[in-house]
Amino acid sequence: MKIKINDIPKDGLELTESQGAGALDLARDDLRFVSPVDISAFISRDKDEVYARITTKGKLEITCARCLSPDRIDFKKDFDLSYDVKGKTSLDLTDDIRQEIVLECPLKPLCRQDCKGLCPVCGKNLNEGSCGHKSDSQKWSESKGNTIKEE
Ligand SMILES: [Zn+2]
Ligand SMILES: [Zn+2]
């Protein structure tokens, strides 16, 4: 997203852009956008400072960190950027937008917040039903019940 500083009117400038993940250099193994990334920006200028209020949206294909199922999740992030533009005639926001998107992308995405994961014994996807084995979280709460309180 490139801006000519002299094109920013007093009331600010609204821009929207739809970029493929490749164009944003976001095509990575751990970050799979399955839609273009929609970027909308409101740009305003105060003397030598330019402010940008950015909204990004897209769809990500993930592999759930718990149950290993592929899934698609909505990606959305709002953020603000500011620049000192003294002596400059144009600005390119692309790098900063890319960085904000990368920072926001979950390292361990889940298909849903309460994903039950896979059974450690038989590997069954516990979201589809119980297999009768005890999961780690159950074991943990049992042993926790036996610990002596120190006060
Ligand atoms: Zn899952
Ligand atoms: Zn099992």
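Within the range 1-45, restricting attention to residues that are of a type in the set (Val, Ile, Thr) and loosely packed, with under 15 Cβ neighbours inside 10 Å, the residue that is farthest from the chain's Cα centre (by Cα) is THR16. Scanning the range 101-116 turns up one or more residues that are more than 16 Å from ILE39 (Cα to Cα), basic (Lys, Arg) and either more than 14 Å from the chain's Cα centre (by Cα) or not assigned by TED's automatic domain parsing to the domain that holds PRO36 (or both).
Condition check ((1) modelled with pLDDT under 95; (2) under 18 Å from MET1 (Cβ atoms)) across all residues:
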{"site": "ASP48", "(1), (2)": "yes, no"}
{"site": "THR56", "(1), (2)": "no, yes"}
{"site": "GLU61", "(1), (2)": "yes, no"}
{"site": "ALA65", "(1), (2)": "yes, no"}
{"site": "PRO70", "(1), (2)": "yes, no"}
{"site": "ILE73", "(1), (2)": "yes, no"}
{"site": "ASP78", "(1), (2)": "no, yes"}
{"site": "LEU81", "(1), (2)": "no, yes"}
{"site": "ARG98", "(1), (2)": "yes, yes"}
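Checking each residue in the range 84-110 for being exposed (fewer than 12 other Cβ atoms within 10 Å of the Cβ), within 16 Å of ligand 1 (Cβ to nearest atom) and among the aliphatic types (A, V, I, L, M) picks out only LEU107.
If I ask for residues that are among the basic types (Lys, Arg) and assigned to a loop (DSSP other than H, G, I, E, B), which ones from the range 84-113 would you list? Steps first, answer last, please.
We begin by selecting, within the range 84-113, every residue among the basic types (Lys, Arg); these are 86, 88, 98, 108, 112.
If the condition is that a residue be among the basic types (Lys, Arg) and assigned to a loop (DSSP other than H, G, I, E, B), then LYS86, LYS88, LYS108, ARG112 are the ones that fit.
Residues that are more than 8 Å from ligand 2 (Cβ to nearest atom), surrounded by 11 or more Cβ atoms within 10 Å (Cβ to Cβ) and assigned to a loop (DSSP other than H, G, I, E, B) within the range 114-129 comprise CYS115, LYS116, GLY117, listed in sequence order. Condition first: within 16 Å of ligand 1 (Cβ to nearest atom) and either modelled with pLDDT under 85 or under 30 Å from PHE42 (Cα atoms) (or both). Can you find one or more residues in the range 111-127 that meet it? For the range 111-127, residues within 16 Å of ligand 1 (Cβ to nearest atom) and either modelled with pLDDT under 85 or under 30 Å from PHE42 (Cα atoms) (or both): absent.
The values are calculated or read from the model by the stated rules, or taken from the named source; none is laboratory data. Only a predicted model underlies this, so the values are computations on that prediction, with no experimental measurement involved. As a convention, Cβ positions derive from the backbone with ideal geometry for all residues, glycine included, and neighbour counts pool all protein chains shown.
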